[in-house]
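Okay, so here's the structure we're looking at.
Readers should treat all values here as calculations from the given coordinates under stated rules, not as data from a laboratory. Nothing here was measured: the structure is a model prediction, and the numbers come from that model. In this analysis, Cβ positions are derived from the backbone assuming ideal geometry, glycine residues included, and neighbour counts consider all displayed protein chains.
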Amino acid sequence: MSATPSSDSSIPRHVAIVMDGNGRWASKRFMPRGVGHKAGVDSLVNVVRACVDRGIPYLTVFAFSSENWKRPEEEVSGLMNLLIVALSKHLIKLKSDGVRIRVVGDSAQVSDKVRQALDDAERATEHNSKLVLTVAFNYGGRWDIVQACRKAMEAGLEPADLSEAALSKYMAMAYAPDPDLFIRTGGEVRLSNFLLWQSAYAELVFTECLWPDFDAAELDRALAEYARRERRFGGVTADQSNTREEA
């Protein structure tokens, strides 16, 4: 079941967010990094509700990258436990708000307990359609491209038939439109291996705001910046691109 898009063209159909700055937020307050991650969960819940209120049908967040395994074992373990607790605490409310949860990423390294929690969240919300919240967990953009190539080969796709459109069908997020707006919090200005294929024409917004401080007002600032831009796809404006598609 697809999410219902807003009729307002200034509102992006798909927002992707790198939720950066939890650890620094906690360190500034002389608190353990885990406290920052917990505060980050609260920010995510608030942003999800803000997206629903604004008619944004797709939201994708970078919850745990394939590179995050390099962090201290205690922090990684804490993040895994926090995911389970957060889903238990917020799932019923998210479900009642019409949010559908989907998970993308390499599940091979994830424990059975975490995998079960993610699977349960997907099943519990699979009939919702107000907003599709994709949680990128143990995800990497390069991994996504490689796994898509493998699936295409397994499906028998011949080299002569390989195209961008053909490979897109095997990407982890083939069910969603490409992101229109890519937000990164925390002051860093890079993609960090997130949605590399899908973000080819996304509008990029970088903010100094640390993720636990990111709220509806900060989201609105990013949306206002998006609305001011004239989107171009290979030199063609969005309006011209739509005209060609409809012709």
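Quick one: work out the % antiparallel among DSSP beta bridges in the chain, nearest 5.
5 percent
Go ahead and run the numbers for FRET between SER129 and LYS169, Cβ-Cβ distance against an R0 of 25 Å, rounding to 0.05.
Values: r = 22 Å, r/R0 = 0.87.
So the FRET efficiency works out to roughly 0.70.
Think of each Lys and Arg Cβ as +1 and each Asp and Glu Cβ as -1; about the Cα centre, that makes the dipole of the chain roughly 520 debye. Secondary-structure-derived ellipticity at 222 nm for the chain, considering helices only, amounts to -13500 deg cm²/dmol, per-run term -39500 (n - 2.57) for DSSP H runs with n ≥ 4.
Counting other beta carbons within 10 Å of each residue's own, what order do VAL35, VAL48 fall into, fewest first?
Working: VAL35 17, VAL48 21.
Sorted ascending by nearby Cβ count, the order is VAL35, VAL48.
Does a label point 7 Å from the Cα of VAL85, set along Cα-to-beta-carbon, have any residues of the range 29-58 with amide nitrogen under 15 Å, and which are they? Output list for this probe position: 32-43.
Model label points for VAL146 and ASP53, set 7 angstrom from Cα along the Cα-to-Cβ axis, are 4.2 nm apart. Structure note, pairs LYS70/LYS113; LYS89/LYS113; LYS93/LYS113; LYS113/LYS169; LYS89/LYS130: Cα-Cα distances above 25 angstrom occur for LYS113/LYS169.
Quick one: go through the range 55-85 and flag any residue whose amide nitrogen is under 16 Å from the point 7 Å out along the Cα-to-Cβ line of ARG229. The answer is 60, whose backbone nitrogens lie closer than 16 Å to the label point.
How long is the gain from ARG29 to ASP215 if the chain were fully straight, where each residue apart is worth 0.36 nm and the alpha carbon distance is subtracted?
Numbers: separation 186, 0.36 × 186 = 66.96 nm, distance 1.88 nm.
Full extension of this stretch gives 65.1 nm more.
Answer rounded, prolate or oblate for the range 176-229, using the Cα gyration tensor with square roots of eigenvalues a ≥ b ≥ c: rounded when a/c is under 1.5, else prolate when a/b is larger than b/c, else oblate. Walk me through the numbers before you get to the answer.
Values: a/c = 1.99, a/b = 1.28, b/c = 1.55.
Since a/c reaches 1.5 but b/c is at least a/b, the shape of the range 176-229 is classed as oblate.
Here PHE64, PHE214 are placed in order of increasing Cβ neighbour count within 10 Å, fewest first, which gives PHE64, PHE214. Centre-to-centre, using Cα atoms only, the range 126-144 and the range 5-48 are separated by 15 Å. Quote the FRET efficiency, to the nearest 0.05, computed for ILE92 versus LEU162 with a Förster distance R0 of 45 Å and r equal to the Cβ-Cβ distance. Rounded to the nearest 0.05, the efficiency is 0.55. Placing pseudo-labels 7 Å out from each Cα toward the beta carbon at GLU122 and ASN46 gives an inter-label distance of 3.0 nm. Going from the residue with the fewest nearby Cβ atoms within 10 Å to the one with the most, ILE84, ILE183 rank ILE84, ILE183.
Specify whether the C-alpha gyration tensor of the range 1-93 places it in the rounded, prolate or oblate class, a ≥ b ≥ c being the square roots of the eigenvalues: rounded for a/c under 1.5, otherwise prolate if a/b is larger than b/c and oblate if not. Intermediate values should be presented prior to the final figure.
Values: a/c = 2.14, a/b = 2.03, b/c = 1.05.
Verdict is prolate for the range 1-93.
Contact order for the chain, expressed relative to its length and based on alpha carbon pairs under 8 Å spaced 6+ residues apart, stands at 27 percent.
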